[in-house]
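For reference, the structure is listed below as structure tokens.
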Amino acid sequence: MELISELLTKDYFVLFLVIGFGIALGNVRVKGISFDTSAVIFVAIFFGYLYDLYDVAFNIPPIIQSVGLVLFIYTIGMQAGPSFFSSFKEQGAKLILLAGISVVAGGLTAISISYIYDVDMNMMSGLLTGALTSTPGLAASIEASGSPLASIGYGIAYPFGVLGVILFVKLGPSLFKVNIKKEEQNFEEVSKSNTPPVINKNLIISNENVNGKTIKELRIRFMTKANISRIMKPNQLPISPTSDTILETGDIIKAVGTVNALDRIELLLGKVTDVEIPRSGKYDIKWYVVSNDAVVNKTIQELNLLENYSATITRIRRASIDLAPHPTTRVKYGDKILVSSSKGNVPAVTQLFGDSLKRIGETSFLPVAFGIAIGVIFGFIAIPLGSIHLKLGLTGGVLLASIFLSWKGKFAGVIWNLPGPANQILRQFGLLLFLTPVGLSAGQSLVSAIQEHGFVLFLYGALITLVPMIITVIVGRFFMKINFLSILGALTGGMTSTPGLSAADSMTESEAPQIAYAAVYPFSLVLIIVVAEIMAML
């Protein structure tokens, strides 16, 4: 017993013991539902409660919590940054507005309860972040307030924040009398018109007006938005064209682009043919991975592949999505690019793009260290707003820096993007280091908080979960006329609920919920942090 008592006073032992039990608890699934890493805070609260019950003084060094906080927030920004600004487009803007309504409605509900029922605003800030299942929001609230009440509120509201969203998503179609199959069809029709697929056709040149002219003279890419990836002249082997390649009647070409682009190139050059262009040793079609820093953020026009390498980019795959290349498209680190080139230029094209999966998988701590340092500086800069000076603080500064740097990709000669696996590991490690001391501190104040406010705190948390969801569906469905499946995606993204998204996915074969979730999630992360910080300062 003496050994156990001594070990339970060692901060490093308790830190990893709590993390271990927390991960084990998080792995337990009940009907497909689990708390994942967030279960660590419940185990930590329990340990903190025991230390308080037996009147044992115990603390984990504050530096542990701070290091965990900056690692967690920085990697969240790294994840959100690349799509944060690009998501403010077309339908994405509507979905983001809908997610914003969800977060703001949750914040206003929490603030109203605080003033009406005289509940500490730090407690309500924690209830808000738990109800919206947002650990980054909790981090911001704690960093702004320094109060353990925020983490208590988070622990109280989080369970229903997970279960409530799942139940609402499952019952939503019945409550609002929605036909899921009809919504799937509507989404498919709109998607086809908004995001046409990249396809290819073989054409035989029959327009006499283009006979004897080069690809450069015809300005084919500019005029049609399509690419010519291969050309086969009568009685000759196929080749990869260059800008100086002369087109003649009877030539067979392979054109790549959207349906509209191929219709335009057909009008310009000739008619569709069933003749296939066989492979030959004179050209090669290959996927390349962008791992060379020198080409990152350069446009396809700047690379000038046709002139320099007798090569043409026919497709770009970014985050599992195929994009039609345009002259102004910028190459990003980790992109997969399909290139048609002459056989002899393959080594040069390989060298240009890098094509190293090993390099993509490597992690340098240089951008992590400097990025966090830049964020800390941002957080300490006072921004004058009239008679007051606002500081972003540690959370806001690190988040802002990571979003900007990951969106920029390459800045000051440094590649700031983190590979997915590395980002995931650092994020989880930071989260564990942050949640453990937060939970231990909250556990030591848990009894007094419940004695003061009673179990009505659980009801407050449930209200903060339910009210935003009801408002979001009503506004999205009846005022903004958004597809119900997209509403579910925006709803789960606004609530930052991955289990909720899984529930929505299980109801449909459509990708609408995933697309909407991805569009709003980065914005929701940032907005919840802002709202939590504002509440903590009220």
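First check a/c for the range 131-240, with a ≥ b ≥ c the square roots of the eigenvalues of its C-alpha gyration tensor; if it is under 1.5, answer rounded, and if not, answer prolate when a/b is larger than b/c or oblate otherwise.
Working: a/c = 5.04, a/b = 2.49, b/c = 2.03.
In terms of gyration-tensor shape, prolate.
Between Lys358 and Phe429, the simple label model (points 7 Å from Cα in the Cβ direction) yields a spacing of 2.2 nm.
Only Lys, Arg, Asp and Glu count, each charged at its Cβ (+1, +1, -1, -1), so figure out the dipole size of the chain about its Cα centre, rounded to 20 debye. Write down the numbers at each step before the final one.
On the way: 40 positive and 36 negative charges, 381 e Å.
So the magnitude is around 1840 debye.
Per-residue extension of 0.36 nm, minus the Cα-Cα distance of Phe365 and Phe222, leaves a gain of 47.3 nm for this segment.
For the chain, rounded, prolate or oblate, judged on the Cα gyration tensor with a ≥ b ≥ c (square roots of eigenvalues), a/c < 1.5 rounded, else prolate if a/b > b/c?
Values: a/c = 2.68, a/b = 1.96, b/c = 1.37.
The shape class here is prolate.
Accessible area ranking (1.4 Å probe, heavy atoms, ligands and nucleic acids excluded), largest first, for Lys254, Lys213: Lys213, Lys254.
Ignoring ligands, DNA and RNA, what percent of the accessible area of the range 463-534 is carbon or sulfur (1.4 Å)? With neighbouring chains kept in place, the figure for the range 463-534 is 68 percent.
Peptides 37-46, 409-418: what's the order by average Cβ count within 10 Å, highest mean first? Don't skip to the end; give the middle numbers.
Numbers: 37-46: 23.4, 409-418: 17.2.
For the peptides 37-46, 409-418, the packing ranking is 37-46, 409-418.
Rolling a 1.4 angstrom probe over the protein heavy atoms with all chains in place gives the chain an accessible area of 47 Å² per residue. Using a simple spin-label model with pseudo-atoms 7 Å out from Cα toward Cβ, Asn308 and Asn207 lie 3.0 nm apart. Compute the Cα gyration tensor for the range 391-538, then decide on rounded, prolate or oblate, letting a ≥ b ≥ c be the square roots of its eigenvalues: rounded whenever a/c is under 1.5, prolate when a/b is larger than b/c in the other cases, and oblate in all that remain. Since a/c reaches 1.5 but b/c is at least a/b, the shape of the range 391-538 is classed as oblate. Peptide packing for 173-183, 266-276, 424-434, 214-224 was compared via the average number of neighbouring C-beta atoms within 10 Å per residue; ordered from the highest value, the list is 424-434, 214-224, 266-276, 173-183.
Its Cα centre serving as origin, the range 383-525 has a Cβ charge dipole (Lys and Arg +1, Asp and Glu -1) of approximately 440 debye.
Set the Förster radius R0 to 60 Å, insert the Cβ-Cβ distance between Ala382 and Asp263 as r into 1/(1 + (r/R0)^6), and round the FRET efficiency to 0.05. List each step's numbers first, then the result.
Values: r = 57 Å, r/R0 = 0.96.
According to the calculation, E is roughly 0.55.
The label point for His326 and the one for Asp244, both projected 7 Å from the Cα toward the Cβ, are 3.1 nm apart.
Just order 129-137, 325-333 by mean Cβ neighbour count inside 10 Å, highest at the front, would you?
Values: 129-137: 29.4, 325-333: 17.0.
The densest-packed peptide leads the list: 129-137, 325-333.
The values are calculated or read from the model by the stated rules, or taken from the named source; none is laboratory data. If you're wondering where the values come from, they're calculated on a predicted model, not measured in any experiment. Heads up, the Cβs are rebuilt from the backbone with ideal geometry, glycines too, and the neighbour counts pull from every protein chain shown. Only protein heavy atoms, including side chains, enter the accessible area calculation; ligands, DNA and RNA are left aside. Shrake-Rupley method; radii C 1.70, N 1.55, O 1.52, S 1.80 Å.
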